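Before any comments, here is the structure.
The values are calculated or read from the model by the stated rules, or taken from the named source; none is laboratory data. What you see is a predicted model, and the numbers here were worked out from it, not measured in a lab. Methodologically, a virtual Cβ is constructed for each residue, glycine included, from the backbone with ideal geometry; neighbour enumeration extends over all protein chains shown. Accessible surface areas use protein heavy atoms only, side chains included; no ligands, DNA or RNA. Shrake-Rupley method; radii C 1.70, N 1.55, O 1.52, S 1.80 Å.
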Amino acid sequence: MIRIIKKKVEVSALGKHICMSAHKARRVIDQIRGRSYEEALMILELMPYRACYPIKKLVYSAAANGIHNLGFNEASLFIIKAEVNEGPTPKRLKPQARGRSSMSKRRTCHITIVLKDISLDEYEYRDYLDC
């Protein structure tokens, strides 16, 4: 009798309440989705956008989670899922001329990065006698 065990081959990192609009972060995330870990880091280093810094930190963090906790190889990590969701929007009143005020919205976003080690098999097959 063969027993099938699903192994963990994905790691993730989640950044919450990042002070940036989701639209600006998606512009950068769309460039690195589906690429290898090392290629994504090179792209993030060279892009001129402010959104690159927090995204690069998240990619580093997800890779460190995989390398330290699960023993993944850095060269075989790929970004399989990268998404940006809108976070809460705090509203501030900004004083204007003639005693008026206008609303200022501080947009935030949540960024999720999921890395997968493509060198590992997702399932492990064992005999019941080996357990």
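Between I67 and R106, what is 0.36 nm times their sequence separation minus the Cα-Cα distance? Round to one decimal in nm.
10.5 nm
Can you order the peptides 14-25, 84-95 by their average number of other Cβ atoms within 10 Å per residue, highest first?
14-25, 84-95
Testing the spin-label approximation: label points 7 Å from Cα along Cα→Cβ at F78 and L41. State their distance in nm.
Here the modelled spin labels are 1.9 nm apart.
Determine the distance separating the Cα centre of segment 95-116 from the Cα centre of segment 25-83; give it in Å without decimals.
One Cα centre to the other: 25 Å.
When the chain is treated as a GNM, springs tying every alpha-carbon pair under 10 Å, which of I67, I29, I55 comes out with the largest mean-square fluctuation?
The residue that fluctuates most here is I67.
For K24, give me every one of the lysines with a C-alpha distance below 28 angstrom, ignoring sequence neighbours fewer than eight places off in its own chain.
K16, K56, K57, K81, K91, K94, K105, K116
Rolling a 1.4 angstrom probe over the protein heavy atoms, how many square angstrom per residue are accessible across segment 72-122?
Roughly 66 Å² per residue, with all protein chains present.
Going toward the positive end of the dipole of the chain, with +1 on Lys and Arg Cβ and -1 on Asp and Glu Cβ, which of L58, I79, T108 do you reach last?
It is T108.
Please sort through the DSSP H helices of the chain and keep those with an alpha-carbon extent of at least 18 Å along the long axis and a Kyte-Doolittle average not below 0.0.
Span-like helices, by this rule, are 52-70.
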